[in-house]
Amino acid sequence: MKFLTTSSKGLPHSLWIVFTVTLAYYLAGQVGLLFSIPPSNAGVIWPASGIALAAVMVFGWTAIVGVFIGNFLTVFPLFPEEVTLFLSCINGFGAALQVTLAAWLINRFVNLSDGFSTEKDIFKFLFLGGPLASLVSPSFNLSVHLKTGLLGAERFWESWLFWWIGDTIGVLIFAPLVLLFIGRFNQNWQKKTRMVAAPVIICFLLVSLAFNYTIEQEKKRIEADFYRLVDSIAYGLQSEFEKHESELELIGGFFDASEQVTKDEFSVFTRTMLTQERDQPALEWIPKITAEQRASFEVGGREIFGSGFQISEWTGQLGGTVVSSSKEEYLPIFYVEPIAGNEKALGYDILSNPVTQMAVNQARDSGQLVIAEPVQLIQDRQSRLNIVMYRPVFKKGYKNDSITMRQSAFAGVVASVLNIEMFVAEALLGVDTFGTNLQLFFDDRKQPFFDQGEWGPDSLFERSRKVTLLAGEVELKLVVVPDLSFFMSRYSHSIGGLIFVGLLFTALVMLFVLVMAIRSIRIEQIVKERTKKLTGEVAERHLAEKEAKLNAERFHRALRAANEGIWDWNVETGEVVSIPSWEELLGYEKGEFEEKDLDVWLYLSHPDDKKEAILVKEQFMAGLRPSMEREFRMKHKDGHWVWILSRGEAARRDENGKPLHISGTRIDITERKLAEEAMRIAAISFDTHEGILITDLNNEIIRVNQAFCDISGYEEADVLGQDPRMFQSGKQTAVFYKIFWEKLVKEGRWEGEIWNKRKSGEIYPILTKITNVENERGEVSHRVAVFSDITQQKLDEKEINKLAFYDPLTNLPNRRMLLMGVEHEMVQARRNGKQGALIFLDLDHFKTINDSLGHGLGDILLKEVASRLNGVIREVDLASRLGGDEFVILISPEAESEADAANQALVVAEKIQTVINKPYDLEGFECHVTTSIGIKLYPVDGDEPELLITNADTAMYRAKAEGRNAIRFYNSKMQEAADEWLSLKMDLHKAIENEDFELYFQCQNNLEGVIIGAEALIRWQHPTLGQISPMKFIPVAEQTGQIIAIGEWVIEKACDHLRQWQDENLQLPHLGINVSSHQFNQPGFVEMVKKVLKVSGANPESLMLELTEGVVVDRVDETIEKMNQLKTLGIGFSIDDFGTGYSSLSYLKRLPLDQLKIDRAFVRDIATDPNDAVIVETIISMANHLKFGVIAEGVETKEQLNFLMEKGCREYQGYYFSRPEPADDFIKRLRVTASI
């Protein structure tokens, strides 16, 4: 194999070659990596492949080692750590193998000893070294990647194609370039090096610049999208804050204007606000209460909210409150809407929390709305943060001009509680935040109180954006950080294709210039031979002609630079000379028309210009003008008109003064004419029906048009030099204008709706577009606002809305608006757990009245009915007309139960019947009419608005069918309850037969935690419904009598377990079994118990029967007799859920009881409810005096246990010790206890 040079100069020289090639390959590889295209990061050119081939061709085999090392170093950082070394070696070997094959093929089939000799050599070199040899590296390397799992099969061919293209283009462009510079070709090729290299390098640099520019522009476009998204997020959050601030100010104004606000008035006033919100847990009234007022305040609170109401304070733990200690003043929460879910907040003194105390004091002293640092609500056990806004309320008639006055006149605060997560979700409804991470900071805090998103290595913190939000008097910091997915989802994938086309074009340029270079060398050789035959005279003439031509070209360039031409006309001979020629000026090919023809200009002139041009020429030729000057248009070859300014003077005249020789100039004035036309059009455009306002950089008005004056009512003199802020109406917030200016400065334009104020003071809407105007340096010099008055458009929209949602005859809401109202109220009902009703009414015999009296009087009757309906219902209810004589009343969901809702609906329906049945005066005709009414309650699972109306309609037709003038309910829920009850009854029967029940056991412990007993609890595992609560199936069993069989099964199984534990020497002092009143009152109950004990062999003294108070009260004497019979066997008795029934000392003393069991309802709140604490203490004291044992059930916390221990209760049952568990698990627990 022959190379262009050899490397036989020893080891140092070989090492130098290896180092040089390694460095060149590595640097070229870094350049190739710059051309990677997201998201695949595949390169569209690999310059290193071309450099490697040229290096091997020049330096021989030694260079292949440098190719291997250079490739290894380039790709080493790109592979996963676990396979980095292996795959880097494979890649280096593939690159070395490819360049070896390419060099062998070129040496075998191409002669490069003296450079490229023919076009065929060029094509063979580029084909063998490029497309053909480049098949090796992608095929070899990617096959290994596929085998190792680094590359999926679905990406193999795409990756192979990009690799092959990159290597091929790298060879086509860079291999010839490098060979030209270091290949030591013959002298002819060395002369052509610059000619070949320059265009290729220029093309490559242009493509590189285009690539970088495109990538940067793409990044800027995506960043602009990100900034717009941040603006939308900030606007949404700020608007949501302002909405809640406005509502709280409205509530505060209600208290300011009222002498006293009752709970019902507060509920009615705030209900509409709450029904419109999804992010608002509560609205609250928190009065200031002094130490002297506390007792009367708590008494009044108990009258409203029940006996448990009292002022409480925060314990410092989540959800923890205790009875408030004595203080000089309190701020207890008194009114809360909604009350559901916020009961624990009633009476809570917000001054007991330092965070809310500081915020309230700030609101009181400033007299302004204040937002507190995010806190956790005492009624919320989920540790969620909430924002609370406080607006101070002062006593009516008191001045609050100073802090001292405000402190003395301070009456309390109204508060708005916002759940942060729900608040943000509501504010950003409809905003696509994909690929972004959000944080909110309170004031200057370092830690965010809201953090949304997953922060990882893909989060692009350097592109984050911070925005300041205002909430009351507090600044909140919004930080939005995009991640890689945000940018990748918006990336244009056409960039790679465009760059590939550019690089391919560069490769074709390389091919072209190489071919041209060969041909140039060949031509130069021919010219050189012929030139030797020319004489010196020819050479001199050639030089003279060249000089003349050069001078002519200089003259032409000077004329073109001045945009002028000259002409000369010999009147006697008719010869015309024009420089540049008319042909050149007007785009014609040379020789297309006779240049010496004097009338050429006339032939090409615009028809409108010919008459005046001829007149000027004739006057000049007649000696009537000293010179000739005219402007006219001439037609360019491509069809457009070129404006010419031509001037001419006589160079020579005859004895009569007539010109014999004329010389002149001509100037192309097309651009000047176009500029004048543009100015004329702009002047006309300024006089339009849209208002136009122009300001300078200082935002001072410098010009307005007449339409502006007509719309605003201002004269031009009123506004010149003024700031456009003079037109602000006050309906837009400071945040709106902040976002407005940010967008105008950043994007150079803003478009939208604004409310402005006319000179008369009238506020009106405009649609405006504001644009920045830049000077020649790209700096903003002016701003232009173009706007139109859209007042009529807004009125039209309002009228259209009325026609769409209201009945034109009665002005009542129509069916569409009713459906929207029903859907909204059903959502509120389900959310708040309340009940409402829908009343459907139809006038009886209305058609007869309409036909007999006429449609005109019928319409009057319908209007009067609508008026009477509006007079009956409340403001929160909705009266609507469906059509004809059908009306619907939607009652707002406020009832706590279906029974309450039914009663409320019935009262309204009776009122409707009363007012509609009254006589009607129809223009002198007295008319009587009745109505049939159907009522449907909501919400019911499965109901939709249309179905709700249909069911009420069905109930109405039932009323008509039963004689008219009646009221009927659509009672589907009762039917569903009956169906469920029947199904449960049948399933219980099967469960008893199949013994689908299971006993669970909950241990009972003493002070030391030792198990001293247990309670047997039944569980039902339904085969399809899963586990069913005893609270659900026990009442059905009692109603159907199945409780007898179930109770007997429980006693049998419990005794079987007792006997099993006794056999295993597991001692359980007693096992409690609940006995139903139905079972205990059975005549054979005592015999059944005896039989079970005998069959099972269980120790009767370990059995404790738990009876409810109702059992013993109904038949006291019979009950005592049965208990005594069982007591003789050793069975013990306990009163279950003591304190919830009919407790009486008279029967307690007579009953042979062993134990009282305190109900979990009292134990649950003993740490927070003084009433429950007193009841529990009384039960314990009474049991001790009567010598009964006492056990408390439902013990779940350490606080409850400590209280019971302190009051003398020694036995406990509840989750604090263990949950109910299957027998096997309970035995394990019992064995552990027995082993201690």
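Each value in this text was obtained by applying a stated rule to the coordinates, not by laboratory testing. As the structure is a prediction and not an experimental result, all values here were calculated from the model. Ideal geometry is used to build each Cβ from the backbone, glycine not excepted, and the neighbour counts take in all protein chains shown.
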Seminar exercise, completed: Cα-based Rg and Dmax for the stretch 258-429, in Å, come out at 15.7, 49
Problem set entry | Set of lysines with alpha-carbon distance to LYS731 below 17 Å, sequence-local pairs under 8 removed | LYS243, LYS757, LYS759, LYS794
Seminar exercise, completed: Farthest towards the positive end of the dipole of the stretch 213-267, among LEU250, VAL261, ALA234 and with Cβ unit charges of +1 on Lys and Arg and -1 on Asp and Glu, lies the Cα of ALA234
Seminar exercise, completed: Most exposed to least, judged by fewest other Cβ atoms within 10 Å, ILE790, ILE1158 sort to ILE790, ILE1158
For this session: Pull up the cross-link candidates among the lysines for LYS611, meaning alpha carbon to alpha carbon under 19 Å and not fewer than 8 places away within one chain.
Result: LYS635
Problem set entry | the stretch 812-875: GluC sites (Glu not before Pro) falling in loop per DSSP and having at most 14 other Cβ within 10 Å | GLU875
Seminar exercise, completed: From fewest to most C-beta neighbours within 10 Å, the residues MET389, MET358, MET1031 line up as MET1031, MET358, MET389
Exercise. How about the stretch 1125-1217: which chymotrypsin sites (Phe, Trp or Tyr not before Pro) there lie in a loop by DSSP and see at most 11 other Cβ atoms within 10 Å?
Worked result: TYR1142
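With +1 on each Lys and Arg Cβ and -1 on each Asp and Glu Cβ, and nothing else charged, work out how big the dipole of the stretch 841-957 is about its Cα centre, in Debye to the nearest 20.
For this selection, approximately 360 debye.
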Exercise. Within straight cross-link reach of LYS147, meaning Cα distance under 16 Å, which aspartates and glutamates are found once same-chain residues fewer than 8 apart are removed?
Worked result: GLU82
Problem set entry | Protection-proxy order for peptides 953-963, 60-70, each taking the mean of Cβ atoms within 10 Å per residue, highest first | 60-70, 953-963
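Roughly speaking, what is the stretch gain from LYS396 to LYS847, that is 0.36 nm per residue apart minus the C-alpha to C-alpha distance, in nm to one decimal?
Gain on extension, LYS396 to LYS847, equals 156.6 nm.
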Exercise. Label SER663 and TRP104 with points 7 Å out from Cα along Cα→Cβ: what is the distance between them in nm?
Worked result: 7.9
Problem set entry | Sparsely packed trypsin sites (Lys or Arg not before Pro) within the stretch 730-803, loop by DSSP, other Cβ within 10 Å at most 16 | LYS731, ARG758, LYS759, ARG777
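Would you work out the relative contact order for the stretch 715-780, in percent, from Cα pairs under 8 angstrom that are 6 or more residues apart?
Dividing the mean separation by the residue count of the stretch 715-780 yields 26 percent.
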Problem set entry | Calculated FRET value between LEU15 and ASP443, using beta carbons and R₀ = 60 Å, to 0.05 | 0.35
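Set the Förster distance to 56 Å, then compute FRET efficiency between ASP996 and LYS911 from the Cβ-Cβ distance, nearest 0.05.
Result of the calculation: an efficiency of 0.60.
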Seminar exercise, completed: With the charge dipole of the stretch 731-862 built from beta-carbon charges (+1 for Lys and Arg, -1 for Asp and Glu) about the Cα centre, the Cα from GLY761, HIS845, THR810 projecting farthest to the positive end belongs to GLY761
For this session: Return the FRET efficiency for the residue pair PHE925, LEU250: r is the Cβ-Cβ distance, R0 is 51 Å, and the value is rounded to the nearest 0.05.
Result: 0.60
Exercise. For HIS1185 and GLU223 in one chain, what is 0.36 nm times their gap in residues minus the Cα-Cα distance, to one decimal in nm?
Worked result: 338.3 nm
Problem set entry | For a label point 7 Å along the Cα-to-beta-carbon line of ARG816, residues of the stretch 768-810 with backbone N under 11 Å | 800-807
Problem set entry | Estimated inter-spin distance, MET1205 and ARG155, nm [label 7 Å along Cα→Cβ] | 6.4
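Starting from the Cα-Cα distance between SER307 and GLU629, subtract it from 0.36 nm times their residue separation and give me the gain in nm to one decimal.
On the way: separation 322, 0.36 × 322 = 115.92 nm, distance 10.97 nm.
Full-extension gain reported as 104.9 nm.
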Problem set entry | Mean Cα-pair separation over length for the stretch 825-970, i.e. relative contact order, pairs under 8 Å, 6 or more apart, % | 32
